[in-house]
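Just so it is clear, none of the values below were taken in a lab; they were calculated from the coordinates. Since the structure is predicted, the reported quantities are computational estimates derived from the model, not experimental observations. Glycine gets a Cβ as well: all are built from the backbone with ideal geometry, and neighbour counts include every protein chain shown.
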Amino acid sequence: MPEIRKRSFLDILRTHVGVVPEHPVSPRTREVRSRLEGAEVGVSVCPYCAVGCSQLVYHRDGTLLSIEGNYESFINGGTLCPKGSATYGIVVNPRRETTVKYRRPNGDRWEEVPLEWAMKRIAYLVKKTRDETFVHQAPDGKTVNRTTGIAHLGGATLDNEENYLIKKLFAAGLGMVYIENQARI
């Protein structure tokens, strides 16, 4: 009967794979570094649907480097759908709009204005409209603290938590009555 000899793992590997080199990593490979090395990482949420997939946003010196799925998220476990995977392309697209189109009252053309100006203008008009239309008491003397001069229609990409905060801010904070979400229409 022939003698059975135990083979080491390396012997088996050589038989089935071929010769394993002593130094499988080249000096050049050893010098290569990840483009994300030393980058800061922020956690964000995908802007598309209401699932709320978590994303890792890598940036350095004010420059966006990469956006990928957050592997620590219990919602998406590091995976992203095709739209979520394309989030990086939206942010760095050279044709992305960075200004706001604004048409002045009684104007006949659109003009570009800075986003910061538009946000301040919206805040001013919301405050002005609220102050002008706010009702403290109904005609029967009941305290109502509301305004019917402003409405809000939320988008389908808002998740439950965002809708909750919007409802609290707009109803309790601003006194708005007409608050709706597009997903329910």
What distance in nm lies between label points placed 7 Å from Cα along the C-beta direction at residue 25 and residue 152? 5.2 nm
Just want the ordering: 124, 102, from fewest to most Cβ atoms lying within 10 Å of their own Cβ. 124, 102
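Please compare each pair in 101/167; 127/168; 83/120; 142/167 to a cut-off of 25 Å on the Cα-Cα distance and tell me which ones are over it. Don't skip to the answer; put the middle values down first.
Numbers: 101/167 28 Å; 127/168 17 Å; 83/120 31 Å; 142/167 22 Å.
Among 101/167; 127/168; 83/120; 142/167, the Cα-Cα distance tops 25 Å for 101/167; 83/120.
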Pick from 92, 144, 57 the residue whose mean-square fluctuation is largest in a GNM of the chain, springs joining Cα atoms under 10 Å. 144
Dipole of the chain [Lys/Arg +1, Asp/Glu -1 at C-beta], most positive-end residue of 81, 181, 52: 181
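Set the Förster distance to 22 Å, then compute FRET efficiency between residue 109 and residue 132 from the Cβ-Cβ distance, nearest 0.05.
Numbers: r = 28 Å, r/R0 = 1.29.
The pair residue 109/residue 132 has a calculated efficiency of 0.20.
Under the classification rounded if a/c is under 1.5, otherwise prolate if a/b is larger than b/c and oblate if not, where does region 120-184 fall, given a ≥ b ≥ c as square roots of the Cα gyration tensor eigenvalues?
Details: a/c = 2.49, a/b = 1.53, b/c = 1.63.
Taking the square roots of the gyration eigenvalues as a ≥ b ≥ c, region 120-184 is oblate.
Treating only the Cβ atoms of Lys and Arg (+1) and Asp and Glu (-1) as charged, compute the dipole magnitude of the chain about its Cα centre; round to the nearest 20 debye. Spell out each step's value before the answer.
Working: 26 positive and 21 negative charges, 44 e Å.
For this selection, approximately 220 debye.
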From the C-alpha gyration tensor of the chain, square roots of 5λ in Å: 59, 24, 13
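Do any GluC sites (Glu not before Pro) in region 95-185 lie in a loop, going by DSSP, with at most 16 other beta-carbon atoms within 10 Å of their beta carbon, and if so which? Before the final figure, lay out each step's value.
Working: sites: 97, 111, 112, 116, 132, 161, 162, 180; in loops: 97.
Within region 95-185, the qualifying GluC sites (Glu not before Pro) (loop, at most 16 other Cβ atoms within 10 Å) are 97.
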